[in-house]
1. Can you name the condition, by its number, that A350 falls short on among (1) touching a helix residue (DSSP H, G or I) at 6+ places or on another chain (Cβ under 7 Å); (2) open to solvent by less than 20 Å² (accessible area, probe 1.4 Å)?
2. Counting only residues that are more than 19 Å from P347 (Cβ to Cβ) and open to solvent by 20 Å² or more (accessible area, probe 1.4 Å), give me the strands (runs of 3 or more DSSP E) lying completely in segment 177-272 with at least 1 of them.
3. Being open to solvent by less than 40 Å² (accessible area, probe 1.4 Å) and not assigned by the TED database to the domain that holds A55, is that true of even one residue in segment 131-139?
4. Please determine whether any residue of segment 315-326 is assigned to a strand (DSSP E or B) and either assigned by the TED database to the domain that holds Y196 or in contact with a helix residue (DSSP H, G or I) (Cβ under 7 Å, 6 or more places away or on another chain) (or both).
5. Is there a residue in segment 343-351 that is part of a loop (DSSP other than H, G, I, E, B), touching a His at 6+ places or on another chain (Cβ under 8 Å) and within 30 Å of H181 (Cβ to Cβ)?
6. Condition (residue is under 24 Å from F177 (Cβ atoms), of a type outside the set (D, E), open to solvent by 60 Å² or more (accessible area, probe 1.4 Å) and within 33 Å of the chain's Cα centre (by Cα)) applied to segment 363-381: is it met by at least one residue?
7. Test A417 against the stated conditions and say whether it is among the hydrophobic types (A, V, I, L, M, F, W, C), open to solvent by 80 Å² or more (accessible area, probe 1.4 Å), outside any strand (DSSP E or B) and free of Cβ contacts under 8 Å to residues at least 12 places away in the same chain.
8. Do we have F290 as in the same structural domain as V369 (by the TED database), open to solvent by less than 30 Å² (accessible area, probe 1.4 Å), in contact (Cβ under 8 Å) with a residue 60 or more places away in the chain and of a type outside the set (D, E) here?
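The values are calculated or read from the model by the stated rules, or taken from the named source; none is laboratory data. The shown structure was predicted, so the numbers you read here are calculated from the model rather than taken from an experiment. Heads up, the Cβs are rebuilt from the backbone with ideal geometry, glycines too, and the neighbour counts pull from every protein chain shown. The area values use the complete protein model at the heavy-atom level, side chains included, leaving out ligands, DNA and RNA. Shrake-Rupley method; radii C 1.70, N 1.55, O 1.52, S 1.80 Å.
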Amino acid sequence: MFRTGPPSHTLLRPPLLQILLLLLVQAVGRGLGRASPAGGPLEDVVIERYHIPKACPREVQMGDFVRYHYNGTFEDGKKFDSSYDRSTSVAIVVGVGRLITGMDRGLMGMCVNERRRLVVPPHLGYGSIGVAGLIPPDATLYFDVVLLDVWNQGDTVQVSTLLRPPHCPRMVQESDFVRYHYNGTLLDGTAFDTSYSRNHTYNTYVGQGYIIPGMDQGLQGSCMGERRRITIPPHLAYGENGTGDKIPGSAVLVFDVHVIDFHNPADPVEIKTLSRPPEICNETAKAGDFVRYHYNCSLLDGTKLFSSHDYGAPQEATLGANKVIEGLDRGLQGMCAGERRQLVVPPHLAHGESGARGVPGSAVLLFEVELVSREEGLPEGYLFVWHEDPPANLFEDLDLNKDGEVPQEEFSTFIKAQVTEGKGRLMPGQDPEKTIGDMFQNQDRNQDGKITLEELKLKSDEDQERVHEEL
């Protein structure tokens, strides 16, 4: 890297002269510099553009910060310096006297990825003094230069939309949690990172300082499913120091981003009714009810996760009993049998930051549900309820053979008869045999395999006794 040396001709020039020199370079254009009419010493830098990129959205101007690689040789081809040998590009402001004058002029107007050969005459290099042990006096210098990066302290984040979905009901805003994929490159196209290689989205809050400021800004205003390119100057990225071994200091970063989904921690379940049964619906599903429903579950980008249709039978659950994720539980309540709904469930009402088998962490889930049937549930803690008052002499009715005790077989026969005759009902959603077995175990206080008159108590009586004990 050739910064300004001792000779007086490398010192900063008055502003007017700098402007004239810049105009001179622009007049020379992108072609060659001039030699003297008699074929004598060069008057200016000779510029040969031997590789010009097809796209050049920006050219180097005075005051820009650039990164470039170079090889420096003498006229005989002998190398005197190279940034490649140090494995570090030159990073410096151009046009303000920090480089030898010939390099300052030769970089003006360059595009990223452009390659130039510069011939710098002595009076625009190190003059009649040279550099002891490196550059002899009055040496003409030859540089092969490739521009890697250009930016200015006044640059802001640049966002270009690559693909925007036609339907965008909501855009990312500060405090939202976003899941997105990205490819990250330097301005010259060198890749430094990609989320796709990890087969996992990058998940973060926006506007909370968890990511570089430029990405914080660039994600805001994007839609679900949008693809955008975010170009971030280094002062809004990793600054002068860079990070790791792939992002050098003072590097402009380019991210191609695909927004998979986003949500806010305050989001409720979004419910959209797709269809309702034609008949009047007087009763809807509520907490405690046993329901059967079909569902399709996917991510917001359309990735299918699960479907009850794959199992050939509806899903079964008791609402309000923590049998399904909270968002689905809420979305099923209030449905009529035969109704179809679309539910958008944020992760804090689904599987959270950790996700679940087959479900990515922090994923918003999309459900299409159809309520097949509902059965009214029982009060919490009850396995069986009577539709009317229980028999006045319940133990005598249970004791079918009138021997003063009720084994499990007699108990089961009696309860099944009450259900068949419509006098009572068991807790839905569980094997009746298991439910009756649990009821019997609850009444067989001493666990001797039979119930006596002293042991038999209705749950309502037990609850009332417990209230008195507490009082």
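1. (2)
2. The strands (runs of 3 or more DSSP E) meeting that bar are 177-186, 191-194, 227-232, 253-263.
3. No, segment 131-139 contains no residue that is open to solvent by less than 40 Å² (accessible area, probe 1.4 Å) and not assigned by the TED database to the domain that holds A55.
4. yes
5. The answer is yes; a qualifying residue exists.
6. For segment 363-381, residues under 24 Å from F177 (Cβ atoms), of a type outside the set (D, E), open to solvent by 60 Å² or more (accessible area, probe 1.4 Å) and within 33 Å of the chain's Cα centre (by Cα): absent.
7. It is false that A417 is among the hydrophobic types (A, V, I, L, M, F, W, C), open to solvent by 80 Å² or more (accessible area, probe 1.4 Å), outside any strand (DSSP E or B) and free of Cβ contacts under 8 Å to residues at least 12 places away in the same chain.
8. The answer is yes for F290.
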